[in-house]
Amino acid sequence: MAVFDFEPHHPDDPATELTSTVRFVCEPDGAAELNLPTEDRYPEGDTLIIRATMNADYVFEGWYKDDEPVAPTTAFSYIVEKKDATFTLRAKRIIHSRLELVSTPEEAVTFNFSSGRTYPAGTILPLRAAVAVGYVFDGWYEGDSLLSLQTIVKSRYNKNTCCFF
């Protein structure tokens, strides 16, 4: 195989610039905004600074090329090679759950967390019920199910429910 480099001898000779296509994919789609187009051609040997800004509700997991880890951070540099390349940003969606705390009667208990706030799934919250004078604590319930008799419990949020342990 013979390999040649093009060296124009006259300013009017056509020049060829060797380029490669670099593609960027987000998994899942919409997880991040990228500083470069998702597919473009770049001259071989150029250094690209690739940055991702994560969208709300997504956590960065890593950059991959051909299923091999490339970078553990949202920004990295890449020197364009002689062949096309595809980089995949992998992210995980954060699922939020709404915390609803209700006391019956309302004035019987105050809680250490505000009702109606949302938390990422998997968050562990130390819930505490301060019982007002004149009332007795009956327990933590989800619907009709008794979850705990303790006034202080830890709660782990999953997709739409909260679990006490």
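The values are calculated or read from the model by the stated rules, or taken from the named source; none is laboratory data. Not measured: the values here are computed from a predicted model. Note that each Cβ is placed from the backbone with ideal geometry, even for glycine, and that neighbours are counted across all protein chains shown. The area values use the complete protein model at the heavy-atom level, side chains included, leaving out ligands, DNA and RNA. Shrake-Rupley method; radii C 1.70, N 1.55, O 1.52, S 1.80 Å.
Those residues that are within 15 Å of Phe111 (Cβ to Cβ) and either touching an Asp or Glu at 6+ places or on another chain (Cβ under 9 Å) or not hydrophobic (A, V, I, L, M, F, W, C) (or both), I need them from the range 123-137; list them, please.
If the condition is that a residue be within 15 Å of Phe111 (Cβ to Cβ) and either touching an Asp or Glu at 6+ places or on another chain (Cβ under 9 Å) or not hydrophobic (A, V, I, L, M, F, W, C) (or both), then Pro126, Arg128, Ala132, Tyr135 are the ones that fit.
Of all the residues that make up the range 27-81, how many are within 28 Å of Glu17 (Cα to Cα) and touching a residue at least 40 places away in the same chain (Cβ under 8 Å)?
The qualifying residues number 4.
Is it the case that Thr21 is open to solvent by less than 40 Å² (accessible area, probe 1.4 Å), among the polar types (S, T, N, Q), under 28 Å from the mean Cα position of the chain (by Cα) and modelled with pLDDT of 95 or more?
Taking the combined requirement at face value, the residue satisfies it.
Ala129 - would you say it is under 30 Å from Val25 (Cβ atoms) and surrounded by 15 or more Cβ atoms within 10 Å (Cβ to Cβ)?
Against the criterion (under 30 Å from Val25 (Cβ atoms) and surrounded by 15 or more Cβ atoms within 10 Å (Cβ to Cβ)), Ala129 does not qualify.
Can you tell me which residue is least open to solvent (accessible area, probe 1.4 Å) among those in the range 81-116 that are farther than 25 Å from Thr53 by Cβ and basic (Lys, Arg)?
Lys83
Every residue in the range 93-115 that is farther than 30 Å from Ala32 by Cβ and part of a loop (DSSP other than H, G, I, E, B), please.
Glu100, Leu101, Val102, Ser103, Thr104, Pro105, Asn112, Phe113, Ser114, Ser115
Would the range 134-144 turn up any residue that is of a type outside the set (Val, Ile, Thr) and either closer than 30 Å to Val22 by Cβ or at pLDDT below 80 (or both)?
The answer is yes, given that some residue of the range 134-144 is of a type outside the set (Val, Ile, Thr) and either closer than 30 Å to Val22 by Cβ or at pLDDT below 80 (or both).
Across the range 67-80, what is the number of residues that are open to solvent by 70 Å² or more (accessible area, probe 1.4 Å) and either closer than 30 Å to Pro126 by Cβ or among the small types (Gly, Ala, Ser) (or both)?
The number of residues fulfilling the criteria is 1.
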